[in-house]
Amino acid sequence: MSKRATPCRLAVLVPLASLAALGPAGAAPTTAGDDEYVHVVAAGDTLIALGRRYLADPTQWPQLQRVNRVREPRRLPIGLDLRIPLRLMRLEPVPAALLAASGGFSGTEPAAAGGRTLATDGELVTDGDGSVTLRLVDGTELRLRGSSRLRLQDSHRLSGTGQVRSGVRLEQGRAEVKAQPARAGQPGFRIQTPQGVLAVRGTEYRVTVDAARTVGEVLDGSVSMSGHGAVPGAAPVRGGFGAVIDAGGRVTAPRALLEAPSLAGLPARHERPLVQLQLQPQAALQGQAHGWRVQVARDGQFDELLADVRAAAPELRIAGLPDGRYRMRVRAIDAQGMEGRDASGWLELKARPEPPLLRTPPQAAVLRGSSVELTWTASREAARHHLQLARAGAAEPFAEPMVDLKDVQGQGYRVDDLPPGRYLWRVGALRADGDAGPMGEAQAFELRALPAPAAPPASRVDESGVRLSWPAAQAGQRFELQLARDDAFAHRVAETILEDTHFELPQPAPGRYFVRMRRHEADGYVGPWSQTQFFDVADCVRDASSGCVRTEGGLLQRP
């Protein structure tokens, strides 16, 4: 008898116990919910031959007879759908292939053909910064994120069928799944968790597991979520929705994922090592978003995460990224911790070599004169510096800088012949190969003209003493006065700072006196000394009231 090709298909989750027992007395139905393979009987097939072909223990072929209520094991009707429980079949374990990894992780082992694999029933654990991408036997790609633990529970080929089984158990942490569509009749990929099961036949979704619950977020396709325990039934969750399996195995009603946040207004290029993303408010997320997550990767599939940051506010900060251009995605998180749809974009960072710190003049300094000495700190990366100085006040002050020098050696530069005004200055660093880093933050200073020297005070000397006077002061000005017996002012008779416009010295000793004065401006600037003046105090003969005796020729002086 000729034998035609054997068609076959795989039925999923068929509860055989509900079927009437048509076979011999004592038939043993399979357990409700058993997966099974369906073989379409061809000419020449017998249960004994099929047992040798499919079963792990060929002598168990009588179970096929009982399951299928077959009366004649050697004479099977051609075209009969013969159900074979997967638990009886011969399975070939197939390890999962590691496609990409970053950070710390453990559990994989070297593969014979190169690369690394995770063995069937093997456990994969990621550190807080770890991320691992696996390809499973059915083509499903699973990305296990930081602080997670996963067991490759089911990764097999069904011998003699060309079909596969694939499933994992996620004990804790987070996984992102892109499940390949299962062929008609084949079981889809499954994730078991401590709270339940997520079963799919081809979709994209995220799973988060902790001790209290399992959260499923479906991005595309549909996922069947069911809980362990006494709670019956499974909830279908379609793309754009999510659901939670609680500790008791109850599945919440699916709810819509939050919409993707807007990336409008974010800078096209970041120039500081600490990247700050300030998201714009969105009406659709007001009152709905209670957290935010940003992920940064080198590739569009986000296999190798360089950053995975979560924050309570829409200001996300990323530290430690090297310079480069990366893929970025941002999502909002609702009050129940369910993460929404992704907003994808690019993040470009050029923060090195870092600009030096500006030293002098300090921020908001007020200087006098027409020159300024600009100084900054040294850097090991900087071979030279780019210096810019511009007038303050314009919307883009450095669009047309007054000073723009790109080859400044050392840590300082003097700028001369500057008119009075307010200025901004900044410095960037260049490596020896010419690679230029970003310009540093600008610092402001004000340059004021040098005030004219103070006029020397006018002096009046008479028998009552000496009175010095000068013009009235401007608001906030003070005057420093020195009076000495020598023009080097080493032997000072008086030294004072005054807000008044006069100074009196009663009955000084006879002789010559030298005087000078300088202004203290309201902003703290101390002006130059005036020209030195002098006056003489005569040694007169004094009367009983200590006044000088006058004669027709003037004061009567002592001989």
Quiz item: By how many nm would the segment from Ala399 to Arg380 grow when fully extended, if each residue of separation counts as 0.36 nm and the alpha-carbon distance is taken off?
Solution: 3.9 nm
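Once the Cβ-Cβ distance between Asp500 and Val309 is put in as r, and R0 is 60 Å, what FRET efficiency do you end up with, to the nearest 0.05? Don't jump to the answer; show the numbers that get you there.
Working: r = 64 Å, r/R0 = 1.07.
My answer for the efficiency is 0.40.
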Quiz prompt | Karplus-derived 3J(HN,Hα), 6.51/-1.76/1.60, for each residue of the range 360-371, Hz, glycine and proline x | solution = 9, x, x, 4, 6, 5, 10, 10, 10, x, 10, 10
Quiz item: Can you work out the FRET efficiency for the pair Arg71 and Glu92, with r the C-beta to C-beta distance and R0 = 25 Å, to the nearest 0.05?
Solution: 0.15
Quiz prompt | Pairwise centroid distance, computed over Cα atoms, of the range 34-108 with the range 201-227, Å | solution = 29 Å
Exercise. Run the dipole for the chain about the Cα centre, Lys and Arg Cβ at +1, Asp and Glu Cβ at -1, nothing else charged, and hand back the magnitude in debye, nearest 20.
Key: 3120 debye
Exercise. Using packing as a proxy for protection, rank 289-298, 473-482 so that the peptide with the highest average count of other Cβ atoms within 10 Å comes first.
Key: 289-298, 473-482
Quiz item: Given the range 42-126 reduced to its alpha-carbon atoms as identical point scatterers, what log10 I(q)/I(0) does the Debye formula return at q = 0.12, 0.18, 0.23 Å⁻¹?
Solution: -0.56, -0.74, -1.03
Quiz item: So what is the calculated 222 nm ellipticity per residue for the chain, using -39500 (n - 2.57) for each DSSP H run with n of 4 or more, over all residues, to the nearest 500 deg cm²/dmol?
Solution: -1000 deg cm²/dmol
Self-check item: Among (i) -0.40, -1.16; (ii) -0.28, -1.03; (iii) -0.58, -1.06, the entry derived from the coordinates for log10 I(q)/I(0) by the Debye sum over Cα atoms at q = 0.06, 0.11 Å⁻¹
Solution: (iii)
Exercise. Report the one residue of Leu306, Gly173, Ala283 whose Cα lies farthest in the direction of the positive end of the charge dipole of the chain (charges on C-beta: Lys and Arg +1, Asp and Glu -1; origin at the Cα centre).
Key: Gly173
Quiz item: Alpha carbon centre of the range 389-443 versus the range 306-326: separation in Å?
Solution: 30 Å
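A short reminder: the numbers here are calculations on the coordinates, not readings from a lab. The shown structure was predicted, so the numbers you read here are calculated from the model rather than taken from an experiment. Neighbour counts are summed over all protein chains in view; Cβ atoms, including those assigned to glycine, are modelled from backbone coordinates with ideal geometry.
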